[in-house]
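Just so you know, all these numbers are worked out from the coordinates, no wet-lab data involved. Quick caveat: nothing in here was measured; it's all calculated off a predicted structure. Every residue, glycine as well, gets a Cβ built from its backbone with ideal geometry; the counts of neighbours run over all protein chains shown.
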Amino acid sequence: MTVHGRVWQPNVKSPRIANWQLKVAMAITGLIMVAFVFIHMLGNLKIFSSHESINTYSQWLREAFMPLLPYEGLLWIARIVLGACLLIHVVAAFMVWSRSRGNQASAKPRHTKGWLAKLMLPTGLVLLVFVVLHILDLTVGKLVAPAGFRHPDPQFHAATNVIASLDRPVMAVFYLFMLLALAIHFAHGIELAINDLGTTSEKGRSVARIIGLIVAVLVLVGDAAVVLSANLGVV
Ligand code: HEM
């Protein structure tokens, strides 16, 4: 469009990274992390089979593909990929959030509607705190580690450590609360991710909502069963 013979340009600096690019980055990194949590939950369920079963799995995580990979090679690849995903996801979420705050006059984006959507930011922050405490508790074994904690490496004591940690009522309640936050974040996040990756038809949205709900409930029920069983001495 020309105004007084000059090309008209809106008086708004376009950001270097567009909002849709940030959302696609959040969707991809979010879905990778969902896949990890789902597989991690399946691994946790092995405690119902036997203590050896989950310990052997913990050992496999460290020794997988040796000697092609070094000891803990697969684990470190997973840690680096997940760490990068978490960083990208959090930075992109913060950028989208701060832009929507600085642009109050514009129509609210789709993801800020509804109570589930409003809980995305608080539940995301809860999960960040949880991941740090959980790693300090059951991987590193420092700070929040239970008295009975035995480092999983090299004798592989995953079952002993899970039970020793979740035996503490405060820790069990903390894990259950966190799992609820995780389920809320997953239920809505998976729906948003599928939408942001291009599934925008009415039917596609309904399917995305159902997939989000199913994954969220499976992870909640599976992990909560481990927490409660470990606390009540069932496993
Ligand atoms: C509530 C049930 C859960 C239990 C019983 C559990 C148990 C464990 C155990 C035993 C480890 C140490 C594994 C090993 O060193 O062999 C671990 C590591 C880890 N868990 Fe969980 N976990 C649970 C839920 C979660 C959730 C919901 C998340 C993500 C939001 C998560 C993220 C992680 C991460 C990132 C690690 C570190 C992996 C590593 O670097 O070694 N966990 N978990």
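When the chain is treated as a Gaussian network with alpha carbon springs shorter than 10 Å, the biggest mean-square fluctuation among V90, V132, V81 belongs to V132.
Could you tell me how many degrees, from 0 to 90 and to the nearest 10, lie between the Cα long axis of helix 169-196 and the main elongation axis, the longest principal axis, of the Cα atoms of the chain? Once rounded, one gets 40 degrees. Here the label points at L133 and V207, each 7 Å from Cα along the C-beta direction, are separated by 3.9 nm in the simple model. Among the chymotrypsin sites (Phe, Trp or Tyr not before Pro) within region 16-108, those in coil by DSSP and having at most 14 neighbouring Cβ atoms inside 10 Å are F65, Y71.
If you run the Gaussian network model on the chain, springs between alpha carbon atoms under 10 Å, then out of G212, G189, G148 the most flexible one is G148.
Note on E52/F94: beta-carbon distance plugged into 1/(1 + (r/R0)^6) with R0 of 41 Å gives a FRET efficiency of 0.40.
Under the criterion of Cα pairs below 8 Å and six or more residues apart, the relative contact order for the chain equals 25 percent. Only lysine pairs 8 or more places apart or on separate chains count here, and in region 20-232 those with Cα atoms under 29 Å apart total 9. For the pair region 23-61 / region 128-178, the C-alpha centres are spaced 16 Å from each other. Distances between placed amide hydrogens fall under 5 Å for R150 paired with N161, all partners being 5 or more residues away or on another chain. Each residue of region 49-65 in turn: what ³J(HN,Hα) in whole Hz from Karplus with 6.51, -1.76, 1.60 and θ = phi - 60°, glycine and Pro shown as x? Calculated HN-Hα couplings, in order: 6, 5, 5, 4, 4, 6, 5, 5, 5, 4, 5, 4, 4, 8, 9, 4, 6 Hz.
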